[in-house]
Amino acid sequence: MPQLVEMDRYVSLFEQMEEHVGSVILINTFTVEPEEAELLQVAWASDAAFMKQQPGFISTQLHRGIGGSSVFFNYAVWESVEHFKRAFSNPEFQSKMKDYPPSAAASPHLVKKVAVPGICVD
């Protein structure tokens, strides 16, 4: 099971899952020992395949740092916090956490787009 390391020292993922917000993006940073990088990718692919079947799931993408980095991050787009919470809390998904390599640490956080005039829209 990956060690959970909160991304925000003030707001936990579990507190975020109590919000009633529409479309959200899960950002999740993973670190792992270099020799376990492939195991992390296998576990993540299994999780992603499960999530892809859940109501409210829109899309996901995994990224890896270049140059032999053992830092990964993914983002997943969900229709709502409620959809994400239901999928994340599913016992079948929770049981998949044991498939992650021993050195894995994860920092999941829910975000929304922010409008910055002249730069980007929400």
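Using Cα positions and a limit of under 22 Å, work out the lysines in reach of Lys98, with same-chain residues fewer than 8 apart set aside. Within reach: Lys52, Lys85. Within the shell of other residues whose beta carbon sits under 11 angstrom from the beta carbon of Pro101, the net charge comes to -4, with Lys and Arg scored +1 and Asp and Glu -1. Among Trp44, Trp78, the ranking by other beta carbons within 10 Å of each residue's beta carbon, starting with the fewest, stands as Trp44, Trp78. Counting only aspartates and glutamates at least 8 places from Lys112 when in the same chain, those with an alpha carbon closer than 20 Å to its own are Glu6, Asp8, Glu15, Glu18, Glu19, Glu79, Glu82, Asp122. Counting neighbouring beta carbons within 10 Å and listing from fewest to most, the residues Val11, Val32 come out as Val11, Val32.
Helix-only arithmetic for the chain: the sum of -39500 (n - 2.57) across DSSP H runs with n ≥ 4, divided by the residue total, places the mean residue ellipticity at 222 nm at -7500 deg cm²/dmol. Mean sequence separation of contacting Cα pairs (under 8 Å, at least six apart), scaled by the length of the chain, corresponds to a relative contact order of 45 percent. Between the residues Phe57, Phe72, Leu40, the greatest Cα displacement towards the positive end of the dipole of segment 3-111, with unit charges on the Cβ of Lys, Arg, Asp and Glu, is found for Phe57.
How far is helix 37-52 tilted off the main Cα axis of the chain, in degrees rounded to 10, range 0 to 90? With rounding to tens, the tilt is 40 degrees.
Computed extension gain for Ser59 through Ile27, at 0.36 nm per residue and net of the alpha carbon distance, reaches 10.3 nm.
Taking all Cα-Cα distances within segment 8-58, those exceeding 13 Å account for 72%.
The length gained on full extension between Lys98 and Val116, counted as 0.36 nm times the residue separation minus their Cα-Cα distance, comes to 2.5 nm. Dipole magnitude for the chain: about 220 debye, using +1 per Lys or Arg Cβ and -1 per Asp or Glu Cβ, origin at the Cα centre. As a proxy for reagent exposure, ranking His20, His63, His109 by other Cβ atoms within 10 Å from fewest up yields His20, His63, His109.
As a calculated quantity, the FRET efficiency between Asp8 and Ala45 at R0 = 25 Å, using C-beta atoms, amounts to about 0.40. Looking only at the chain, where both bridge partners belong to it, what percent of the DSSP beta bridges are antiparallel (to the nearest 5)? Taking every DSSP beta bridge with both residues in the chain, the antiparallel ones total about 90 percent. Ordering Ser12, His109, Ile25 by Cα displacement along the dipole of segment 3-111 toward the positive end leaves Ile25 in first place; charges were set at the Cβ atoms of Lys, Arg (+1) and Asp, Glu (-1).
A short reminder: the numbers here are calculations on the coordinates, not readings from a lab. Keep in mind that this is a model prediction, so the values were computed, not measured. Virtual Cβ from ideal backbone geometry, glycine too; neighbours counted across all protein chains shown.
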